[in-house]
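Reviewing the structure listed below.
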Amino acid sequence: MTYNDTFQDRIANAARAREDALAKLKARPAPDPKAVAERVERQKQRDAEKREKAEAKRAAKVAQAAEKAAKAITPAAPTAEEAKAARDARYAARKARR
């Protein structure tokens, strides 16, 4: 391409370049089916490992959230009967000390 090229020259050069690239691509030998199958198998293994790792990470996160929620739960307030029994026990202990 030079400074004096016209639009038509540039279009022709681009078309020629596309044809050359296509010819180069067609000239390449076909990939070996055995190598392709091995590559696909390795990719499947990597994907499976990635899924397992993500699942383990998610399970750990869920377990951590459950543990945090369990710690956050406060014990229920004592019922009236339990409160009365505790009060009576404190009273009895006070009387016993005298």
Enumerate the aspartates and glutamates that Lys57 could reach by cross-link, defined here as Cα to Cα under 19 Å, with residues fewer than 8 away along the same chain left out.
Asp47, Glu49, Glu67
Highest-first arrangement of 82-92, 22-32, where packing means the average Cβ count within 10 Å
82-92, 22-32
Check the straight Cα-Cα distances from Lys53 and name the lysines below 21 Å, setting aside those fewer than 8 residues away within the same chain.
Lys44, Lys61
What lysines could a cross-link reach from Lys26, if we take a straight Cα to Cα line under 21 Å and drop same-chain neighbours fewer than 8 places away?
Lys34
If you build the Cα gyration tensor of the chain and take the root of 5 times each eigenvalue, what three semi-axes come out, in whole angstrom, biggest first?
84, 24, 9
Where nothing but the Cβ of Lys and Arg (+1) and of Asp and Glu (-1) is charged, how large is the charge dipole of the chain around its Cα centre, in debye to the nearest 20?
1120
How large is ³J(HN,Hα) for each residue in segment 25-35, as worked out from phi by the Karplus curve 6.51 cos²θ - 1.76 cosθ + 1.60 (θ = phi - 60°), to whole Hz, x for Gly and Pro?
5, 5, 6, 5, x, 5, x, 5, x, 5, 5
What list of ³J(HN,Hα) values in whole Hz, one per residue of segment 18-23 in order, does the Karplus curve 6.51 cos²θ - 1.76 cosθ + 1.60 (θ = phi - 60°) give from phi, with Gly and Pro shown as x?
4, 5, 5, 5, 5, 5
Quickly estimate the mean residue ellipticity at 222 nm for the chain, helices only: each DSSP H run with n ≥ 4 gives -39500 (n - 2.57), and the total goes over all residues, rounded to 500.
-28500 deg cm²/dmol
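Read-outs throughout are calculated quantities, based only on the coordinates presented, and are distinct from any laboratory measurement. Keep in mind that this is a model prediction, so the values were computed, not measured. When we count neighbours, we look across all protein chains shown, and the Cβ atoms used for this are built from the backbone with ideal geometry, even at glycine.
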